[in-house]
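One structure below.
Bear in mind these aren't lab numbers, they're just calculated from the coordinates by the rules spelled out. Source: prediction; values computed, not measured. Quick reminder, even Gly has a Cβ in these numbers, built from the backbone with ideal geometry, and neighbours come from all protein chains shown.
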Amino acid sequence: MKKLAILGSGSGSNMQAISDAIDDGTLQAEILLVASDHAEAYILERAQKKGIPTRLLDCGHYKQKFPAEEQARLAHDLKELGVDLICLAGFMRLVGAPLLEHFPDRIINIHPSLLPHYPGLAAWEQAIADGATESGCTVHYVDAGMDTGAIIAQRKVPVLPEDTAKSLHEKIQVEERTLYPQVIGVL
Ligand code: GRF
């Protein structure tokens, strides 16, 4: 039984998909903790509704940085809990040495593009602005860079002439919600 921790900053639809896959028996895993850097993030509410323990990360006054001390505290507590895979799902801070060293090749992320294309923010807007004819989503290992870790799996989505950034994002998210639980199941 895989023991997961999920980190997110926003809506948590991927966390929900992972949790639903566990509930319906398609993913053999257990979510031990959902953590967020934003007290008001909907991912925390979704987790609480499902009875999953939650944690608010203390990132002090930093808007983007994930302070090393907080990463070290989290790494320590996740080890104590017995977590063996950390899944980033819309987590908007870069993870660094304190977490990476404690969980080598055990931290993964889902990104809404076919990496290495369109790393960083609003990848669906980048794809539309670039005139791309296909995009998609990528699950990859996390390293210290932004969306640079080794690719594990990808799912393609066609970009149609009538697509807007919003419609493309929605189509990508539909694929994310099946790809992420599948990949977690085989890691
Ligand atoms: C997803 O599109 C994911 O690819 C990106 O952030 C978004 C998170 O959405 N990294 P949600 O919080 O899982 O709904």
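Quick rundown of the values:
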| read-out | value |
| --- | --- |
| Nonlocal amide H pairs with L88, under 5 Å, H built at 1.01 Å | L7, I108, N109, I110 |
| Kirkwood Rh in Å, taken over all unlike Cα pairs in region 17-58 | 10.8 Å |
| Helix axis angle, 68-81 relative to the chain longest principal axis, alpha carbon, degrees | 70 degrees |
| Three-way shape label, region 127-187, alpha-carbon gyration tensor, a/c 1.5 | oblate |
| In sequence order, calculated HN-Hα J values of region 51-61 (Karplus, 6.51, -1.76, 1.60; Hz; x Gly/Pro) | x, 8, x, 10, 8, 9, 6, 9, 9, x, 8 |
| Measure of compaction for the chain (Cα Rg per 2.2 N^0.38 Å) | 0.99 |
| Along principal axes, Cα extents of region 55-110, largest first, whole Å | 29, 24, 20 |
| Taking the chain and dividing mean pair separation by its residue count, relative contact order in percent (alpha carbons under 8 Å, at least six apart) | 21 percent |
| Region 1-109, relative contact order in percent, only Cα pairs under 8 angstrom and at least six apart counted | 33 percent |
| Compactness index (Cα Rg / 2.2 N^0.38 Å), region 77-180 | 1.14 |
| Gyration tensor over alpha-carbon atoms, region 92-148, equivalent ellipsoid semi-axes in Å | 25, 10, 7 |
| Nearest-ten-degree value, helix 13-23 long axis tilted from longest Cα axis of the chain | 70 degrees |
| Eligible lysines near K166 by straight Cα distance, threshold 19 Å, same-chain separation 8 or greater | K156 |
| Environment charge of L85, counting only residues whose C-beta is closer than 9 Å and scoring Lys/Arg +1, Asp/Glu -1 | +2 |
| Region 1-101: C-alpha gyration tensor shape, a/c 1.5 cut-off, then a/b vs b/c | oblate |
| 0 to 90° range, to nearest 10: angle between helix 165-186 axis and the chain longest Cα axis | 50 degrees |
